[in-house]
Amino acid sequence: MERIPILRMGNFLLVTIQVDMHDKLALTLQDDLTAKIADVGAKGVLIDISSLEIVDSFIGRTLANIASMARVLDAQTVVVGMQPAVAITLVELGMSLPGIRTALNVESGMEYLKETVIDYRNGEDYDGDSEQD
Amino acid sequence: MTGIVNKTEMLPIKDSSDVVFVRQRVRVWTTQLKFSLVEQTKVVTAASELGRNTLEHGGGGELEISEVVDGIRKGLRLKFSDKGPGIPDIKLALSDGYTSKQGMGLGLGGSKRLMNEFEIESTPGQGTTITVTRWK
Ligand SMILES: Nc1ncnc2c1ncn2[C@@H]1O[C@H](COP(=O)(O)OP(=O)(O)OP(=O)(O)O)[C@@H](O)[C@H]1O
Ligand SMILES: [Mg+2]
């Protein structure tokens, strides 16, 4: 069966989506990632979508699901590299990708993950944060 | 819907890989019509939403892609049709957030915003045809 590879870099998992995913492939990625986070105790997940020419409601929902499952498993998710045309279209479609952290490119995405994970370890991130999502 | 139809292509929508093919073919047509990248992205995204609806809610069907001409302007028209259960309340179905399954309920309303013309014909028990056009 066709699968999207998941790379591991220390505490982090990296995924680059390079194909136009059909819905079942997106669901497989969601399952594989969730399993892998639990398996290796990952603290961060970076998903590079710079090759994606569109993000429709299904892909958007898949990304949101991955982020919320990761959160339950104590990992942060960042989605990087969304093309400007894709971002414009997503807004018009009505999807704001709630709860998804985005970054311009892989470098800044990695930086975000490193900072968040370190803050979290120091116990600084969660104190006084009453946000519920 | 206004305009003279220039040329057409028919595509089946029977499984999720057909929806991928729909996106690819619609992309090719928008490129040939020289739509800007943002316009291409909007049209392909709408096609993806409507194609998935044809599959998931309509139980499969087909897409007719055509180039239309109206005076000096050209456009791309997409006609999705199925022989599924139909949409009992079109107004409700179009409202953002309404879904009869576990979707986000954005497909129909979102596609309407992404295209210039949008028309639904649906008869309960007989099927649904959704025709959308984007002008250049
Ligand atoms: N071709 C169709 N045949 C029958 N019902 C349809 C069809 N297309 C849409 N609908 C109905 O309209 C509703 C709204 O469609 P819409 O695409 O907006 O949301 P969704 O498909 O449920 O979720 P999403 O597209 O966000 O994943 C659907 O839940 C379904 O009840
Ligand atoms: Mg839909």
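Dimensions of the stretch A:6-121 along the principal axes, based on C-alpha atoms and rounded to the nearest Å, stand at 38, 27, 22, largest first.
Per DSSP helix of 4 or more residues, -39500 (n - 2.57); summed, then divided by the residues of chain A. What does that give at 222 nm, rounded to the nearest 500?
Values: 4 runs with 60 residues, N = 133.
Helix-only estimate at 222 nm: -15000 deg cm²/dmol.
Taking Rh as the Kirkwood radius, which is the inverse of the mean 1/r over Cα pairs, what is the Rg/Rh value for the stretch A:58-124? With Rg and the Kirkwood Rh in hand, the quotient comes to 1.01. Within the shell defined by Cβ-Cβ distances under 14 Å, the residues around B:L37 carry a net charge of +3, with Lys and Arg each +1 and Asp and Glu each -1. Taking a ≥ b ≥ c as the square roots of the Cα gyration tensor eigenvalues, the stretch B:64-117 comes out prolate, since a/c reaches at least 1.5 and a/b is larger than b/c. Three principal axis extents of the stretch B:4-135 based on alpha-carbon atoms, in descending order, are 39, 26, 24 Å.
Under a Cβ-only charge scheme (Lys and Arg +1, Asp and Glu -1), can you give me the dipole magnitude of the stretch A:6-121 about the Cα centre, in debye to the nearest 20? Mind dumping the intermediate values first?
Values: 9 positive and 14 negative charges, 72 e Å.
My answer is approximately 340 debye.
Which FRET efficiency value, to the nearest 0.05, is calculated for B:Q126 and A:I118 with the Förster distance at 51 angstrom and r the Cβ-Cβ distance?
Working: r = 60 Å, r/R0 = 1.18.
Between B:Q126 and A:I118 the formula returns 0.25.
Remark: relative contact order (the stretch B:27-134) = 28 percent; criterion is Cα-Cα distance under 8 angstrom and separation of 6 or more residues. For the segment B:5-18, counting C-beta atoms of other chains within 10 Å of every residue's C-beta and taking the mean gives 1.
Computed FRET efficiency, Cβ-Cβ of B:D89 and B:M1, R0 35 Å: what is it to the nearest 0.05?
On the way: r = 23 Å, r/R0 = 0.65.
The formula returns an efficiency of 0.95 here.
Nearest 5 is fine: what % of DSSP beta bridges in chain A come out antiparallel, could you say? The antiparallel proportion sits near 25 percent.
Maximal additional length on extending the A:S96-A:R71 stretch stands at 7.2 nm, based on 0.36 nm per residue less the C-alpha distance. Round to the nearest 0.05 the FRET efficiency obtained for A:A35 and B:Q24 when R0 = 22 Å and r is the Cβ-Cβ distance. Rounded to the nearest 0.05, the efficiency is 0.15.
With contributions of -39500 (n - 2.57) from each DSSP H run of at least four residues, the per-residue ellipticity at 222 nm computed over chain B stands at -11500 deg cm²/dmol. The stretch A:26-76 and the stretch B:1-76 have Cα centres spaced 29 Å apart. Label-to-label distance for A:L27 and B:K74 is 3.9 nm, based on points extended 7 Å past Cα in the beta-carbon direction.
Modelled spin labels at B:T8 and A:E111, positioned 7 Å past Cα toward Cβ, are 5.4 nm from each other. Summing Lys and Arg as +1 and Asp and Glu as -1 over all other residues whose Cβ lies under 12 Å from the Cβ of A:N105 gives a net charge of -3.
Using Cα pairs under 8 angstrom and six or more residues apart, how large is the relative contact order of the stretch A:6-121, in percent?
Details: 168 pairs, mean separation 30.3, N = 116.
For the stretch A:6-121, the relative contact order is 26 percent.
Looking at the stretch B:96-136, which residues lose a minimum of 10 Å² of accessible area between their chain alone and all protein chains in place, measuring with a 1.4 Å probe and not counting ligands or nucleic acids? With the partner chains in place, the stretch B:96-136 has these residues losing at least 10 Å²: B:Q102, B:G103, B:M104, B:L106, B:G110, B:R113, B:L114.
Only alpha carbons enter this Debye calculation for the protein assembly as shown, each as an equal point scatterer, and the log10 of I(q)/I(0) it gives at q = 0.14, 0.16 Å⁻¹ is -0.97, -1.17.
The values are calculated or read from the model by the stated rules, or taken from the named source; none is laboratory data. Fair warning: this is a prediction, and the values are worked out from it, not measured in the lab. Ideal geometry is used to build each Cβ from the backbone, glycine not excepted, and the neighbour counts take in all protein chains shown. For the accessible areas, the whole protein counts, side chains as well, though only heavy atoms, and no ligand, DNA or RNA atoms are used. Shrake-Rupley method; radii C 1.70, N 1.55, O 1.52, S 1.80 Å.
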